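Here the structure is laid out as structure tokens; the discussion comes afterwards.
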Amino acid sequence: LGDCVIPLMPASQPRLTVAERPTFFVYVPETAAKEIFFSLRDENSQTSYQTKIPLAGQSGIVSFKLPDDAPALEVGKNYQWAFILVGETGLRPDSPGVQGTIQRVELNPSVKTQLDQVTSLERAALYRKNGLWLETLATLAEARKLQPNDSSLAASWEDLLKSAGLEAIATRPLL
């Protein structure tokens, strides 16, 4: 794994969300950096939101939910996100980081109805079937925090990450 920051995103397929303010997940290696810089830009490369997230000094999977004061993602628009480690010398052009894109889509009303009537594991499966990666991850991560000893949740999480080519970090702790 080295000192790479790794986004919990599939390499292929469009990265879709239905959330106005989604939760992003990124693997952070053991690092001297005290924080990670997050930025979100719209289709015109205008900064939509940016912040620095403190790091706990341990390696693992960090989640970051866009806060209520961040502008809501608009349906049908593409956004570019970035996570960059901030070292002793601050943010530099060679600072290790990752970036990618996300698009907000409308949730199909029939899927919305189904989501209200199922367990979190079934909800995650439904999100996954509909290509909603961030919701799938967030649902499983939330369930794992509530039930850390549930082996079927842990297995579903690992299976999801392996399906996206992320087996190297599939068993890393959620920070």
- Task: Specify, per residue and in Å³, the volume enclosed by the convex hull of the alpha carbon atoms belonging to the range 1-66.
- Result: 109 Å³
- Just read off the accessible area of residue 140 with the full protein assembly in place, 1.4 Å probe, to the nearest 10 Å². 10 Å²
- Note on the structure: Result: in the chain the number of Lys pairs with C-alpha under 17 Å apart, spaced 8 or more or on different chains, is 5
- Accessible area, probe 1.4 Å, largest first, for residues 59, 12: 12, 59
- Query: Counting other Cβ atoms within 10 Å of each Cβ, which trypsin sites (Lys or Arg not before Pro) in the range 22-67 have at most 16 and sit in a DSSP loop?
  - Reply: 34
- Item | Karplus (6.51, -1.76, 1.60) ³J(HN,Hα), θ = phi - 60°, over the range 32-46, in Hz, Gly and Pro reported as x | 7, 4, 8, 8, 10, 8, 10, 9, 9, 10, 8, 4, 9, 6, 7
- Query: Of all the accessible heavy-atom surface of the range 1-146, with the other protein chains kept in place and a 1.4 Å probe, what percent is carbon and sulfur?
  - Reply: 47 percent
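Can you give the accessible area per residue of the range 90-175, in Å², using a 1.4 Å probe?
Accessible surface, normalised per residue, equals 57 Å².
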- Note on the structure: trypsin sites (Lys or Arg not before Pro) in the range 66-175 lying in a DSSP loop, each with at most 16 other Cβ atoms within 10 Å of its Cβ, come to 77
- Query: What ranking of 83, 64 comes out by heavy-atom accessible area, probe 1.4 Å, highest first?
  - Reply: 64, 83
- Relative contact order %, the chain, counting alpha carbon pairs below 8 Å whose residues are six or more apart: 27 percent
- Query: Which value at 222 nm does the chain reach when only helices count, each DSSP H run of 4 or more adding -39,500 (n - 2.57), with the total divided by all residues and rounded to the nearest 500 deg cm²/dmol?
  - Reply: -7500 deg cm²/dmol
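Do any GluC sites (Glu not before Pro) in the range 1-89 lie in a DSSP loop with no more than 16 other beta carbon atoms within 10 Å, and if so, which?
Here the GluC sites (Glu not before Pro) that fit, given the DSSP loop and packing criteria, are 20, 30, 43, 74, 88.
The values are calculated or read from the model by the stated rules, or taken from the named source; none is laboratory data. All values derive from a computational prediction rather than experimental measurement. With ideal geometry, Cβ positions are generated from the backbone for all residues, glycine too; neighbour counts draw on all protein chains shown. Protein only, heavy atoms only, side chains kept; ligands, DNA and RNA dropped before computing areas. Shrake-Rupley method; radii C 1.70, N 1.55, O 1.52, S 1.80 Å.
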